[in-house]
Amino acid sequence: MGRWKHVKWTEAGQLTSILGWPPSDDDAAAPEVFFDQLRAKGEEHRAAMFLGQALARFEVVSWAARSVRELSPPDMPRADADALKTAFLWLQDPSEHRRRAAFEAAEAAGEVSPQRLCALAVFFSGGSMAPDTVQPVLAPKEAAGKFAAGAVLSAAAAAGNPREALAEALKLGEALASGSEPDRP
């Protein structure tokens, strides 16, 4: 794909340091070049984690929710479907009320479900993690991206063809990064 227009980072090392990866000779590469190198080496899981940090929070939630929706079985548990729905509702209106509703839905969803991880990506996308009645506590800056990438990876792992499913999800994320795919679901 082309240049990543919807990514604020200029060097891969800015993202790999957030992920805690060791320095490499490729840290000065543009994020899209580094992403392509990961994929060329067959490191799709690392490419997903990298993409989770490269995308802005709104786009990373869009990437995760759309990928998980595409990969979810139609007969998923109701609580998981509700968690995924809260992610899409937040994408339509990224309000504080909907962000907190996503957390409540995540709490009810399956403990390790991709849908739960999507809802958690919403909750950790901004705002305070603490209740409204106490001092704000901000989420770690990498949290939304890690939950989103985890959602994509776990949904792909449960798919009929995990490798193909992850490749399709990475294509969507790359399209969001380059601006060739609308970020509204």
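In table form, for the structure just shown:
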| read-out | value |
| --- | --- |
| Solution diffusion estimate, µm²/s, Stokes-Einstein, segment 73-185, Kirkwood Rh from C-alpha pairs, 20 °C, viscosity 1.002 mPa s | 146 |
| Positive-end residue, the chain charge dipole about Cα centroid, Cβ charges, pick of SER17, VAL60, TRP90 | TRP90 |
| Candidates per GluC sites (Glu not before Pro) in segment 93-169, loop by DSSP, up to 10 other Cβ within 10 Å | GLU111 |
| Cα long-axis angle, helix 44-54 against the chain (0 to 90 degrees, to the nearest 10) | 70 |
| Approximate spin-label separation LYS141-ALA157, in nm, with each point projected 7 Å along Cα-to-Cβ | 2.8 |
| Per residue accessible area in Å² of the chain, where ligands, DNA and RNA are left out and the probe is 1.4 Å | 50 |
| Solvent-accessible area, 1.4 Å probe, carbon plus sulfur percent, for the chain | 53 |
| Charge tally in the Cβ shell below 9 Å around LEU38, where Lys, Arg are +1 and Asp, Glu are -1, LEU38 excluded | 0 |
| Förster radius 25 Å - calculated FRET efficiency between VAL112 and SER17, Cβ distance, rounded to 0.05 | 0.35 |
| Lysine pair number, Cα distance threshold 26 Å (strictly under), the chain, separation 8 or more or different chains | 15 |
| Estimated distance in nm for a label pair at GLN37 and LYS171, the labels positioned 7 Å out from Cα along Cα-to-Cβ | 2.5 |
| Segment 4-141: translational diffusion in µm²/s, Stokes-Einstein, Kirkwood Rh over Cα pairs, 37 °C, 0.692 mPa s | 204 |
| Backbone HN-Hα couplings from phi across segment 151-166 [Karplus 6.51/-1.76/1.60, Hz, Gly and Pro as x] | 4, 5, 5, 6, 5, 5, 4, 8, 6, x, 10, x, 5, 5, 4, 5 |
| Rounded to the nearest 10 Å², the accessible area of LYS141 at probe 1.4 Å | 140 |
| Difference of contour (0.36 nm per residue) and Cα-Cα distance, ASP25 to MET129 | 33.8 nm |
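The values are calculated or read from the model by the stated rules, or taken from the named source; none is laboratory data. Only a predicted model underlies this, so the values are computations on that prediction, with no experimental measurement involved. Backbone-built Cβ (ideal geometry, glycine too); neighbour counts: all protein chains shown. In case anyone asks, the SASA skips ligands and DNA or RNA and just uses the protein heavy atoms, side chains included. Shrake-Rupley method; radii C 1.70, N 1.55, O 1.52, S 1.80 Å.
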